[in-house]
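Report on the following structure.
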Amino acid sequence: MVRAQAWILTKHFHGFPQDSDFELKVEELPELKHGEVLLEAVFLSVDPYMRAYSTWRMKQGDVMIGTQVAKVIQSNNPSFTVGTHVVARCGWRTHTVSDGTDLVPVMAEWPQDVLLSQALGAIGMPGLTALYGIEEVLGLQEGDTLLVNAAAGAVGSVVGQIAKIKGCKVVGSAGSDAKVAFVKELGFDEAFNYKTVGSLEEALRKASPDGYDCYFDNVGGPFTTAALQQMKNFGRVAVCGSISIYNDSTPQTGPYPYLTMIQKQIKMEGFLQGRWQHKHPESLKRLMTWFKEGKLRTREHFTKGFENMPAAFMGMLRGENIGKAVVAV
Ligand SMILES: NC(=O)c1ccc[n+]([C@@H]2O[C@H](COP(=O)([O-])OP(=O)(O)OC[C@H]3O[C@@H](n4cnc5c(N)ncnc54)[C@H](OP(=O)(O)O)[C@@H]3O)[C@@H](O)[C@H]2O)c1
C-alpha cells in the first residue's frame, strides 16, 4: 500500500494566500488496476495561474492544481514503462495513480545532461507560452522593439531571449536590481527595476525613446496603463498574464485604455498557450535546440521538499524567484 501526501486547498484564498489556506493530507492509494501506473513526483511546478484558477476551477477541499515531472514506479500500462518520466497534471501530490490519460512522456531525445525540471520551465509550459506569444500573437519581426515585464521570471526571461534570437531590441522590467542584472546577462538591451525607478513613464521612454512595436504583458494593472502610452502606432500587445491583480479581493477599475488604443490603433490579444497544443512537440524541440546551442539560458529557483510547496508558491507570488520556481521533492 502506497501512502501519498497531497496539499489541499482548505479555504479559498482571500487576498494574498496564507499558510492556513493549505493542509497536508496523507491518503492510501489503491492497488493498480489494468492500464494504470503509479507515479512518484520528482519536480513540482509552482505557477501564477494556480492563484488565478483557484477561484473558478477549484472547490475548498480539492488538491491544489499543478503540473509535475514524475517517475513511473509501477506500471500496468505498456505505454509507460517503469523508470520513464512524464509531465503530469496531477496536482500537488507525491504519488498518483493514473490511467495514462493526459500523461505526456518527457521528450524521447531529452539529453542526459539537462535537468528534467526544465520540462516545467523553459522547455515546458512557460517556454511554450513565450514562443507562442511572440510568434502566434505578436508576429514579432526583425528590428521590432519589444517590451516585456516580469522579465526575470519563467516566461519573461524566455520571451526576451527569443526576441533577441529574432533580431529585436528588448526592454525588460523586473522587481529587483538582481533581476535586472540577470536579464542584462541574458542579453536584454535595456532593463529597469520598476519598483525603484520613480516614474515608470520616464523609465519606459528612456529605455526606448521611439516607443515600442510589441508589448508582452505578464503583469497588467497600472504597468500596462503606462506601457500603452509608450506604444508606437499600430503597436501589438500580447496579453499573457495579469499577475498584479491575481490577489485582489475587489476588482480594479480603470483607467480605461480605449482612447489610447484608438489613437495609436493598437492591437491587443489575450491568449492561453494551450491554443497551440498541436504544435507542442515541435515547439519543445525548437526550445531544446536553442537551449543546447546556448542561445536560451535559464535559471531555476529551487525549493527543497514537498512539505514546502505552499512556501514556494507564496514566495513566487511575492517575486522571490529569479527564473522558474520549482519544488524538488
Ligand atoms: N497565457 C498563458 O497561457 C500563460 C502561461 C503561463 C504564464 N502566464 C502568465 O505569465 C505571467 C508570468 O508567469 P511566470 O510563470 O513566468 O511567473 P514568474 O514571472 O516566474 O513569477 C511571477 C513573477 O511575477 C512578478 N510579480 C508578482 N507580483 C507582481 C505584482 N503585483 N506586480 C508586478 N509583478 C509581479 C514577480 O516578479 P517581479 O519581481 O519582477 O515583480 C514574480 O517573480 C503570469 O501572469 C502568468 O499568469 C500565462
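Is the C-alpha gyration tensor of the range 15-130 telling us rounded, prolate or oblate? Criteria: a/c under 1.5 is rounded; beyond that, a/b larger than b/c is prolate, otherwise oblate.
Details: a/c = 2.19, a/b = 1.22, b/c = 1.79.
Taking the square roots of the gyration eigenvalues as a ≥ b ≥ c, the range 15-130 is oblate.
Over 22 Å between Cα atoms, which of Lys59/Lys324; Lys206/Lys232; Lys232/Lys324; Lys164/Lys264; Lys11/Lys71; Lys179/Lys295 qualify?
On the way: Lys59/Lys324 27 Å; Lys206/Lys232 15 Å; Lys232/Lys324 31 Å; Lys164/Lys264 25 Å; Lys11/Lys71 30 Å; Lys179/Lys295 19 Å.
Cα-Cα > 22 Å for Lys59/Lys324; Lys232/Lys324; Lys164/Lys264; Lys11/Lys71; rest within.
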Q) Between Val82 and Ala311, what FRET efficiency comes out of the Förster formula 1/(1 + (r/R0)^6) with R0 = 30 Å and r the beta carbon distance, rounded to 0.05? A) 0.40
Q) Given only helices, namely DSSP H runs of n ≥ 4 each adding -39500 (n - 2.57), what is the per-residue ellipticity at 222 nm of the chain, to the nearest 500 deg cm²/dmol? A) -7500 deg cm²/dmol
Q) How far apart, in nm, are the 7 Å Cα→Cβ label points at Lys304 and Met1? A) 3.2 nm
Q.
I need the helices of the chain that pass two filters: whole DSSP H segments spanning 27 Å or more by Cα along the axis, and mean Kyte-Doolittle score no lower than 1.0.
A. none
Q.
Among Val137, Met231, Asn149, which residue has its Cα furthest toward the positive end of the charge dipole of the chain, with +1 on Lys/Arg Cβ and -1 on Asp/Glu Cβ?
A. Met231
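Could you give the length gained by full extension between Gln112 and Lys295, i.e. 0.36 nm per residue of separation minus their alpha carbon distance, to one decimal place? Intermediate results must be reported in sequence, preceding the final value.
On the way: separation 183, 0.36 × 183 = 65.88 nm, distance 1.89 nm.
Taking Gln112 through Lys295 to full extension adds about 64.0 nm, to one decimal.
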Q) Are there GluC sites (Glu not before Pro) in the range 67-143 that DSSP puts in a loop and that have at most 11 other Cβ atoms within 10 Å, and which ones? A) Glu109, Glu142
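Roughly how big is the range 125-274's charge dipole about its Cα centre, with Cβ charges of +1 (Lys, Arg) and -1 (Asp, Glu), in debye to the nearest 20?
120 debye
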Q) On full extension of the chain, what length is gained from Glu142 through Lys279, given 0.36 nm per residue of separation minus the C-alpha to C-alpha distance? A) 47.1 nm
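Check each of the trypsin sites (Lys or Arg not before Pro) in the range 4-65 and keep only those in coil by DSSP with at most 12 other C-beta atoms within 10 angstrom; list them in order. Show your work: numbers first, answer last.
Values: sites: Lys11, Lys25, Lys33, Arg51, Arg57, Lys59; in loops: Lys11, Lys33, Lys59.
Counting only loop positions with at most 12 other Cβ atoms within 10 Å, the trypsin sites (Lys or Arg not before Pro) in the range 4-65 are Lys33, Lys59.
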**Q.** Distance in nm between pseudo-label sites at Asp62 and Asp102 (7 Å out along the Cβ direction from Cα)
**A.** 1.0 nm
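Using +1 on the beta carbon of Lys and Arg, -1 on that of Asp and Glu, and nothing else charged, what's the dipole of the chain about the Cα centre, debye to 20?
Details: 33 positive and 34 negative charges, 85 e Å.
For this selection, approximately 400 debye.
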**Q.** Cβ-based charge dipole, the range 125-274, positive-most Cα from Thr196, Val219, Val180
**A.** Thr196
Q | Cα gyration tensor shape for the range 125-274, rounded if a/c is under 1.5, else prolate or oblate | A | rounded
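Set the Förster radius R0 to 22 Å, insert the Cβ-Cβ distance between Thr10 and Arg318 as r into 1/(1 + (r/R0)^6), and round the FRET efficiency to 0.05.
On the way: r = 21 Å, r/R0 = 0.95.
Plugging the Cβ-Cβ distance into 1/(1 + (r/R0)^6) gives 0.60.
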Q. Just from the alpha-carbon atoms, what are the Rg and Dmax of the chain in angstroms?
A. 20.4, 65
Q) Label-point separation (nm) for Lys195 and Gln18, each offset 7 Å from Cα along Cα-to-Cβ? A) 2.3 nm
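Where a number appears in this text, it was derived from the coordinates with a stated rule and is not lab data. Note that the coordinates shown come from a computational prediction; the quantities given were computed from them, not determined experimentally. Glycine gets a Cβ as well: all are built from the backbone with ideal geometry, and neighbour counts include every protein chain shown.
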